[in-house]
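Working notes, beginning with the structure itself.
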Ligand code: SF4
(Lines give C-alpha, C1' and ligand atoms only; values in the text may rest on other atoms or scores of the structure.)
Protein backbone atom coordinates (compact mmCIF):
# COMPACT_ATOMS: atom_id res chain seq x y z
CA UNK A 1 0.00 0.00 0.00
CA UNK A 2 1.19 3.46 -0.76
CA UNK A 3 0.19 6.68 0.98
CA UNK A 4 0.48 10.07 -0.54
CA UNK A 5 0.89 13.01 1.81
CA UNK A 6 1.03 16.62 0.77
CA UNK A 7 3.72 18.46 2.73
CA UNK A 8 3.90 22.17 1.94
CA UNK A 9 4.26 22.27 -1.81
CA UNK A 10 5.42 18.76 -2.44
CA UNK A 11 3.77 15.45 -2.45
CA UNK A 12 5.44 12.71 -0.41
CA UNK A 13 4.80 9.08 -1.23
CA UNK A 14 5.28 6.59 1.56
CA UNK A 15 5.23 2.85 1.11
CA UNK A 16 3.25 0.91 3.74
CA UNK A 17 6.30 -1.10 4.90
CA UNK A 18 8.05 2.19 5.66
CA UNK A 19 5.10 3.19 7.82
CA UNK A 20 5.40 -0.06 9.70
CA UNK A 21 9.09 0.58 10.21
CA UNK A 22 8.38 4.05 11.56
CA UNK A 23 5.75 2.58 13.92
CA UNK A 24 8.23 0.00 15.17
CA UNK A 25 10.84 2.68 15.81
CA UNK A 26 8.32 4.71 17.77
CA UNK A 27 7.40 1.65 19.85
CA UNK A 28 11.05 0.89 20.53
CA UNK A 29 11.64 4.44 21.72
CA UNK A 30 8.56 4.26 23.98
CA UNK A 31 9.67 0.94 25.44
CA UNK A 32 13.12 2.38 26.18
CA UNK A 33 11.52 5.32 27.97
CA UNK A 34 9.24 3.07 30.05
CA UNK A 35 11.87 0.42 30.77
CA UNK A 36 13.88 1.02 33.96
CA UNK A 37 17.52 1.03 32.99
CA UNK A 38 20.49 0.79 35.32
CA UNK A 39 22.03 4.11 34.55
CA UNK A 40 25.48 5.07 35.68
CA UNK A 41 23.96 7.62 38.05
CA UNK A 42 21.57 5.07 39.56
CA UNK A 43 24.35 2.50 39.88
CA UNK A 44 26.60 5.01 41.68
CA UNK A 45 23.73 6.02 43.96
CA UNK A 46 23.14 2.37 44.86
CA UNK A 47 26.84 1.82 45.52
CA UNK A 48 26.93 4.98 47.65
CA UNK A 49 24.09 3.58 49.75
CA UNK A 50 25.54 0.07 49.89
CA UNK A 51 29.07 1.02 50.97
CA UNK A 52 28.12 2.63 54.31
CA UNK A 53 25.75 -0.27 55.00
CA UNK A 54 28.52 -2.78 54.23
CA UNK A 55 30.99 -0.82 56.33
CA UNK A 56 28.52 -0.78 59.21
CA UNK A 57 28.08 -4.55 58.94
CA UNK A 58 31.84 -5.04 58.81
CA UNK A 59 32.21 -2.77 61.82
CA UNK A 60 29.67 -4.88 63.72
CA UNK A 61 31.48 -8.07 62.68
CA UNK A 62 34.85 -6.71 63.81
CA UNK A 63 33.45 -5.46 67.11
CA UNK A 64 31.73 -8.83 67.59
CA UNK A 65 35.08 -10.54 67.00
CA UNK A 66 36.72 -8.22 69.50
CA UNK A 67 33.87 -8.86 71.91
CA UNK A 68 34.17 -12.62 71.32
CA UNK A 69 37.90 -12.45 72.01
CA UNK A 70 37.36 -10.45 75.20
CA UNK A 71 34.75 -13.00 76.29
CA UNK A 72 37.19 -15.93 76.03
CA UNK A 73 38.50 -17.28 79.34
CA UNK A 74 42.17 -17.06 80.17
CA UNK A 75 44.11 -20.30 79.90
CA UNK A 76 44.81 -21.67 83.38
CA UNK A 77 48.26 -23.13 83.99
CA UNK A 78 46.43 -26.02 85.68
CA UNK A 79 44.70 -26.94 82.40
CA UNK A 80 45.88 -30.50 81.49
CA UNK A 81 47.02 -29.48 77.98
CA UNK A 82 48.68 -26.35 79.34
CA UNK A 83 50.54 -28.48 81.91
CA UNK A 84 51.57 -31.00 79.26
CA UNK A 85 53.04 -28.21 77.12
CA UNK A 86 54.60 -26.42 80.11
CA UNK A 87 52.47 -23.32 79.50
CA UNK A 88 53.29 -20.52 81.88
CA UNK A 89 51.80 -17.02 81.86
CA UNK A 90 55.16 -15.41 82.66
CA UNK A 91 58.00 -16.48 80.37
CA UNK A 92 60.60 -15.17 82.83
CA UNK A 93 59.63 -18.01 85.16
CA UNK A 94 60.10 -20.94 82.77
CA UNK A 95 61.45 -23.99 84.61
CA UNK A 96 64.69 -24.55 82.70
CA UNK A 97 65.33 -27.73 84.68
CA UNK A 98 62.57 -29.41 82.68
CA UNK A 99 64.15 -30.97 79.56
CA UNK A 100 61.14 -29.83 77.48
CA UNK A 101 61.97 -26.24 78.38
CA UNK A 102 65.70 -26.52 77.79
CA UNK A 103 65.54 -24.69 74.48
CA UNK A 104 63.76 -21.69 75.99
CA UNK A 105 65.63 -18.40 75.68
CA UNK A 106 64.68 -15.11 77.44
CA UNK A 107 63.49 -13.49 74.19
CA UNK A 108 60.81 -16.13 73.60
CA UNK A 109 57.24 -15.34 74.63
CA UNK A 110 53.72 -15.78 73.31
CA UNK A 111 53.69 -12.31 71.70
CA UNK A 112 56.42 -13.35 69.25
CA UNK A 113 55.23 -16.92 68.72
CA UNK A 114 53.88 -18.06 65.36
CA UNK A 115 50.76 -19.50 67.04
CA UNK A 116 49.57 -16.25 68.60
CA UNK A 117 46.46 -14.61 67.19
CA UNK A 118 44.37 -11.54 67.92
CA UNK A 119 45.48 -7.97 68.27
CA UNK A 120 49.11 -6.98 68.62
CA UNK A 121 49.73 -5.35 71.98
CA UNK A 122 46.88 -7.04 73.88
CA UNK A 123 48.00 -8.59 77.15
CA UNK A 124 45.85 -11.70 76.55
CA UNK A 125 45.34 -13.14 73.07
CA UNK A 126 43.97 -16.26 71.40
CA UNK A 127 46.43 -19.02 70.51
CA UNK A 128 46.02 -21.66 67.80
CA UNK A 129 47.28 -24.36 70.18
CA UNK A 130 44.70 -23.55 72.87
CA UNK A 131 41.47 -22.81 70.98
CA UNK A 132 38.76 -21.02 72.94
CA UNK A 133 41.24 -19.66 75.50
CA UNK A 134 43.43 -16.61 75.83
CA UNK A 135 47.12 -16.92 76.58
CA UNK A 136 49.28 -14.26 78.16
CA UNK A 137 51.37 -12.29 75.68
CA UNK A 138 54.20 -12.56 78.22
CA UNK A 139 53.64 -16.31 78.52
CA UNK A 140 55.37 -19.26 76.91
CA UNK A 141 54.96 -22.97 76.23
CA UNK A 142 57.11 -25.72 74.77
CA UNK A 143 55.44 -25.38 71.36
CA UNK A 144 56.86 -21.88 70.90
CA UNK A 145 58.12 -21.16 67.37
CA UNK A 146 59.36 -17.80 66.13
CA UNK A 147 56.77 -15.72 64.33
CA UNK A 148 57.85 -15.04 60.74
S1 LIG B 1 51.94 -21.92 71.23
FE2 LIG B 1 53.02 -19.98 71.28
S3 LIG B 1 51.42 -18.46 71.68
FE4 LIG B 1 50.57 -20.44 72.18
S5 LIG B 1 50.94 -20.66 74.36
FE6 LIG B 1 52.65 -21.64 73.32
S7 LIG B 1 54.21 -20.05 73.16
FE8 LIG B 1 52.28 -19.04 73.65
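Which condition does residue 121 not pass, out of (1) in a helix (DSSP H, G or I); (2) exposed (fewer than 12 other Cβ atoms within 10 Å of the Cβ); (3) modelled with pLDDT of 65 or more, if it passes all the others? That leaves (1) as the condition not met.
Which one is farthest from the ligand (Cβ to nearest atom), of the residues in region 139-148 that are touching a strand residue (DSSP E or B) at 6+ places or on another chain (Cβ under 9 Å) and in a loop (DSSP other than H, G, I, E, B)? So the residue we want is 147. Counting the residues of region 90-118 that are surrounded by fewer than 19 Cβ atoms within 10 Å (Cβ to Cβ), touching a strand residue (DSSP E or B) at 6+ places or on another chain (Cβ under 6 Å) and in contact (Cβ under 8 Å) with a residue 40 or more places away in the chain gives 1.
Note on region 119-138: among residues that are closer than 20 Å to residue 107 by Cα and in contact (Cβ under 8 Å) with a residue 60 or more places away in the chain, the one that is nearest to the ligand (Cβ to nearest atom) is 135.
The values are calculated or read from the model by the stated rules, or taken from the named source; none is laboratory data. Quick caveat, the model's predicted, so the values are computed rather than measured. In this analysis, Cβ positions are derived from the backbone assuming ideal geometry, glycine residues included, and neighbour counts consider all displayed protein chains.
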